[in-house]
Amino acid sequence: MAVTRLFFQIPQQSSTTSYTIDLSRELSKHHRTLIRQKQLFTVYGGIYQDSQGSNAYFSTAPHYWVTKRSINRSFKAWKKQLSDTMSAVNGTDNASLRTSKFNDFKVMLDDQTTSNYLPCRDAAGEPLPSGEWNYSTLTMPRPDMESNGVYVQFASDQFSVMIVGDHVSTGSVNNGDLNYSRVGAIKSWLDSRPVPEANQDSPDDQPNLDTDPLTLMFRTGDADEDQQIIDVITDQNDMPPYDYDVLPGAHHSGSDHGENLQMQCIVSPDSNSGIASVAGFQALCGLVRIEVTGSTGSSGASLILDVESNGVGF
């Protein structure tokens, strides 16, 4: 276990505001090496301090198998597009195209702005020096269309991937097709899936229990009773114990910045010390949303997180 302690500052505010932390980016700056984002990051805990007594709500992308699978699906699409393009270009004369040393698949959490990303800081409150950190761009080609005997060319649509929320459209082009600025990974995965089924067993009987309903279940009945049992077999619990077409993370993230996310921790500083402990949690792709409610003190609020330096790939 190798722990990295990261220090963040919440700006002074007079009303509820949401911020995002990208742990992989901040760990990369701290250790001066690329920490790949597509991993599960562990936060062991931390401290939140604010003399004004604001509350902080920590949430992440829903941590379950659908989220991982949808991110992996987006990753494979991104990787295949780069690979196919390099193969095509390198098949031509004197061409040599390859990805850069720090090329990495990076996603956003949802449709919120990137201007509220919190950087980690040194003890004097200065942000650690940062380099290039661009979230991955995927390209969707637009086929040419014929209009009055003339082919019209359309520019390809380019967008980023976010984990939760519905796709973000920038308007329609090309005979009603939509352009996107961000595409929801969970939403896209859901749109590509079919539907499940289930089955069940029958119980055991015991002798000499002539009045026991469970024993009498096995008396010979008429056709109508048989049909009732068939109905139970075919209809009861033939659907999953969860909504099969409504998934956490697949819909619009809403104005409260919390819908679709999984709540991990709520901190409320002690009225005397102004300090509260942050419980441990895990964050897919290292993306953490912090919603700070109420006003903070004149110098803002301070946050320290103890993070496992090495994420776990998925």
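Tabulated data for the structure shown
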| item | result |
| --- | --- |
| Spin-label pair LYS68/MET86, simplified geometry with 7 Å Cα→Cβ offset, distance in nm | 2.6 |
| Cα lying deepest toward the dipole's positive end in region 27-90, options LEU82, ASN55, GLN37, charges on Cβ | LEU82 |
| Chain lengthening between SER295 and ASP177 when straightened (0.36 nm per residue, less Cα-Cα) | 38.1 nm |
| LEU128/THR99 FRET efficiency (R0 25 Å; Cβ-Cβ; nearest 0.05) | 0.45 |
| Amide H contacts under 5 Å for GLN12, placed H, 5+ residues apart | GLY300 |
| For GLY184, residues with placed amide H under 5 Å, excluding near neighbours | MET162, HIS167, VAL168 |
| ³J(HN,Hα), Karplus 6.51/-1.76/1.60, whole Hz, each residue of region 11-22, x for Gly, Pro | x, 4, 8, 10, 8, 4, 9, 10, 10, 10, 10, 9 |
| Globularity ratio of region 1-47, using Cα Rg and 2.2 N^0.38 Å | 1.36 |
| 21 Å Cα-Cα threshold exceeded, pairs from LYS76/LYS187; LYS79/LYS101; LYS29/LYS79; LYS101/LYS187 | LYS29/LYS79; LYS101/LYS187 |
| Positive minus negative residues near LEU40 (Lys, Arg vs Asp, Glu; Cβ under 10 Å) | +1 |
| Chain lengthening between SER14 and GLN153 when straightened (0.36 nm per residue, less Cα-Cα) | 45.1 nm |
| Net charge contributed by nearby residues that have their C-beta within less than 13 Å of GLY286 (K/R +1, D/E -1) | +2 |
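Laboratory data are not the source of any read-out in this text; all were calculated from the coordinates shown. What you see is a predicted model; the values in this text were computed from it and never measured. So basically every Cβ, Gly included, is an ideal-geometry build from the backbone, and we count neighbours across all protein chains shown.
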